[in-house]
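Trainee: Sharing a structure below in structure tokens format, with a few things to ask.
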Amino acid sequence: MRAIDRYEAWRNNEYFDEAFRAELDSIASDTEEIEERFYQDLAFGTAGMRGIIGAGTNRINEYIVRKATQGFANFLLKRHAALEGTYQLAVAIAYDSRHKSYEFALETALVMAGNGIKAYLFNGVRTTPELSFAVRHLNCIGGVMVTASHNPPEYNGYKVYDETGCQLIPALADALVEEVNAVVEFSMVKRLDKKEAVQKELLKLIDEAVDLPYVEMVKNVSIRPDLLMHSDLKVVYTPLHGTGGATVARTLKELSFSGLIPVEAQMTPDGDFPTCRKPNPEEYEAFALAIEYAERYDADLAIATDPDCDRIGLLIKDQNHYKVLTGNQIGSLFIDYVLSSKAHWSDQAYIVNTIVSSNLAVAQAEAYGVRCIQTLTGFKFIGEQIEKDREHFILGYEESYGYLFSPEVRDKDAVMGTLLAIEMTEYYRKQGKTLLMQLDDIYQKHGYFLEETISKQFEGREGHQEMEAIMMKFRTAGEDMVPVQKMVDYQAEGTGLPKSNVLKFYLDDRSWFVLRPSGTEPKLKVYFSIADASAQAAKEKLEYYKAMILEKIRA
């Protein structure tokens with residue numbers, strides 16, 4: 001069906017409320033806007049869905065959320081039956097500070113209630129890791145987190161979790177997508193109103209019943225809690241107008257750490273993100289206000305967490321300025337700090353990172369006598385590994401600033417990350433070292449590893465087609481275009497991992513680059529990981545290959 005025909009069908013559909021139809025009427029003369037909003041359905045993929053808020057099939061709105069939730073409810077009813085009542089027929093639902101997050105979360109709860117599935121809805125904004133914890137703590141059959149992570153303010157999203165508190169692995173995700181796609185009419189959606197859902201005890205608000213055990217669990221991640229109690233570190237912290245502020249502050253206060261300096265203008269949840277257009281701790285510009293605070297208070301460390309508080313970025317004081325660490329560098333520091341805390345580890349103990357994360361982790365794990373398991377990109381694959389062997393899990397991380405230190409959560413956890421980043425900084429400071437000095441020690445021991453990720457934006461239908469053409473070009477001719485040792489196509493058989501649209505090119509034994517379309521944003525991601533004997537050699541090598549590969553992408 002053409003976009004204009006879809007538009008007219010929606011415009012005349014009396015199922016939608018008056019305000020929604022008025023929004024559709026307002027674009028009646030804008031053919032370009034109609035095309036963009038209706039040329040496709042907003043994709044529900046392996047990571048849920050994420051899109052611009054608004055009326056349209058290619059937008060996220062209350063009605064799209066209803067249909068997706070009906071599909072998820074159908075999936076959960078079958079899953080609950082297959083698991084023979086091991087889990088409560090209930091879902092945990094949380095939401096972040098974005099526009100429409102509460103409304104989307106409430107719609108999710110009311111559709112679940114309409115299907116006889118009890119909805120535990122948080123009574124205010126909460127972090128993604130607490131949602132993952134809540135699924136397990138309440139013995140639910142699934143969970144939903146309403147968030148668009150670090151996207152700009154006009155976006156929101158919907159992430160789904162299984163009974164382990166993990167985002168769905170491919171086999172389950174494929175089954176869920178089938179269920180969502182089968183809900184072709186809004187008349188198929190079962191929904192109670194709020195009053196009836198409460199009366200039938202199918203909607204319950206939750207607060208301290210989950211907050212308290214979650215914070216206690218995070219506190220137990222601390223390796224050397226006495227360091228925090230007696231520390232005089234000065235740490236600037238910002239949740240970037242997201243969900244992390246209250247939980248991070250509470251956790252550190254209960255551990256008697258008194259050196260937290262909150263960026264006051266960014267502590268209150270606000271979906272407009274008025275002081276940072278891109279609330280992304282990967283981006284240096286997101287630290288603008290934090291740097292002002294750090295300079296004013298002469299802070300040792302500045303920390304930012306993204307809006308749903310599953311990712312963390314660090315700035316380290318270096319002489320008279322603050323230096324940003326990459327996600328891989330933070331991961332390497334965490335690995336060394338945690339693994340050095342014990343004299344001996346079980347030969348079954350393991351850490352996890354991904355195929356686009358640094359191989360420095362492999363060298364570190366080997367030096368400490370533990371295993372390093374590498375998965376596909378996506379924390380669900382790390383969660384899957386934990387489910388296979390919870391007992392021997394030590395930590396997991398992705399290069400995209402996501403870290404986990406407890407199997408009680410099955411997603412990235414920036415509350416834990418903030419806690420251990422501060423503790424780790426204090427630990428090395430007592431040895432007369434900064435984190436940068438410790439990082440250099442790691443490089444001296446294992447070799448210099450230099451990583452960089454470049455994201456190329458491809459908006460709309462034409463952008464998606466262009467991105468797919470680039471992947472096809474490299475898939476069929478990449479080994480001829482670039483001097484490489486070998487190429488691994490993760491869509492092929494025999495990689496040992498589930499099929500995925502990822503290409504990895506090995507430049508030598510320890511250096512590689514990867515092409516991967518993002519699963520949540522209209523971006524092609526290009527990952528570089530370069531190893532060499534010295535920092536300068538690694539930098540020169542990175543610049544050489546980066547220029548070559550990006551030129552081939554543009555050609």
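Values quoted throughout were computed directly from the atomic coordinates according to the rules given, and no laboratory measurement underlies them. Quick caveat: nothing in here was measured; it's all calculated off a predicted structure. Cβ sites come from the backbone with ideal geometry, for glycine too, and all protein chains shown count toward neighbours.
Trainee: Taking a spot 7 Å from the Cα of Glu254 along the direction of its beta carbon, which residues of the range 397-413 have an amide N less than 16 Å from it?
Mentor: Those under the cut-off are 406, 408-409.
Trainee: Taking the Cβ-Cβ separation of Ala367 and Asn220 as r and a Förster radius of 41 Å, what is the calculated FRET efficiency to the nearest 0.05?
Mentor: Values: r = 26 Å, r/R0 = 0.65.
Given R0 = 41 Å and the Cβ-Cβ separation, E is 0.95.
Trainee: Let me ask something else. Over 5 Å intervals from 0, what percent of Cα-Cα pairs in the range 4-129 sits in each interval?
Mentor: Distribution as computed: 2, 10, 18, 19, 19, 14, 9, 6, 3, 1, 0 percent.
Trainee: When 1/r is averaged over all different Cα pairs and the result inverted, which Kirkwood radius in Å belongs to the chain?
Mentor: Values: mean 1/r = 0.0410 Å⁻¹.
One decimal place: 24.4 Å for the Kirkwood radius.
Trainee: Right, something else. Return the calculated 222 nm mean residue ellipticity for the chain, to the nearest 500 deg cm²/dmol, obtained by summing -39500 (n - 2.57) across DSSP H runs with n ≥ 4 and dividing by the residue count. Intermediate values should be presented prior to the final figure.
Mentor: Details: 19 runs with 229 residues, N = 555.
So the calculated ellipticity at 222 nm is -13000 deg cm²/dmol.
Trainee: Label Ala288 and Lys195 with points 7 Å out from Cα along Cα→Cβ: what is the distance between them in nm?
Mentor: Calculated label separation equals 4.7 nm.
Trainee: How much FRET efficiency would the formula 1/(1 + (r/R0)^6) give for Asp441 and Asp174, where r is the Cβ-Cβ distance and R0 is 51 Å, rounded to 0.05? Before the final figure, lay out each step's value.
Mentor: Details: r = 45 Å, r/R0 = 0.88.
Step by step, r from the Cβ atoms, then E = 0.70.
Trainee: If you don't mind, another one. Relative contact order for the range 62-110: what percent, with Cα pairs under 8 Å and sequence separation of 6 or more?
Mentor: Values: 21 pairs, mean separation 23.4, N = 49.
Across the range 62-110, relative contact order equals 48 percent.
Trainee: Report the FRET efficiency, 1/(1 + (r/R0)^6), for Asn123 and Ala43, where r is their Cβ-Cβ distance and R0 is 25 Å, rounded to 0.05.
Mentor: Values: r = 31 Å, r/R0 = 1.24.
Efficiency, from the Cβ-Cβ distance: 0.20.
Trainee: Give me the angle, in degrees from 0 to 90, between the Cα long axis of helix 288-297 and the longest principal axis of the Cα atoms of the chain, rounded to the nearest 10.
Mentor: 40
Trainee: Give the cross-link partners of Lys195 among the lysines, using a straight C-alpha distance below 29 Å as the criterion and excluding same-chain residues fewer than 8 apart.
Mentor: The reachable lysines, counting only those whose Cα sits under 29 Å from Lys195, are Lys67, Lys78, Lys100, Lys118, Lys159, Lys204.
Trainee: In the range 1-41, which residues have a backbone nitrogen under 11 Å from the label point lying 7 Å from Glu103's Cα in the Cα-to-Cβ direction?
Mentor: 17-21, 23
Trainee: Relative contact order for the chain: what is it in percent, counting Cα pairs under 8 Å that are at least 6 residues apart?
Mentor: Relative contact order here is 11 percent.
Trainee: Taking the Cα atoms only, what angle lies between the long axis of helix 379-388 and the longest principal axis of the chain, rounded to 10 degrees?
Mentor: 80
Trainee: Would you give the gap between the C-alpha center of the range 428-452 and the C-alpha center of the range 145-183, rounded to a whole Å?
Mentor: 37
Trainee: Next question, about the same structure. If I fit a long axis through the Cα atoms of helix 435-446 and take the longest principal axis of the Cα atoms of the chain, what angle between them do I get, 0 to 90°, rounded to 10?
Mentor: Rounded to the nearest ten degrees, it is 70.
Trainee: Note down the relative contact order for the range 295-446 as a percent, whole number, built from C-alpha pairs under 8 angstrom at least six residues apart. Intermediate results must be reported in sequence, preceding the final value.
Mentor: Numbers: 236 pairs, mean separation 38.0, N = 152.
Computed over the range 295-446, the figure is 25 percent.
Trainee: Starting from 0.36 nm per residue, how many nanometres of slack lie between Met472 and Asp207 once their C-alpha separation is accounted for?
Mentor: Difference between extended and current length: 90.5 nm.
Trainee: Give me the extension gain from Val488 to Glu32: residue separation times 0.36 nm, minus the current Cα-Cα distance, reported in nm with one decimal. Kindly include the intermediate steps, with their values, before the conclusion.
Mentor: Details: separation 456, 0.36 × 456 = 164.16 nm, distance 3.97 nm.
Additional length available on full extension: 160.2 nm.
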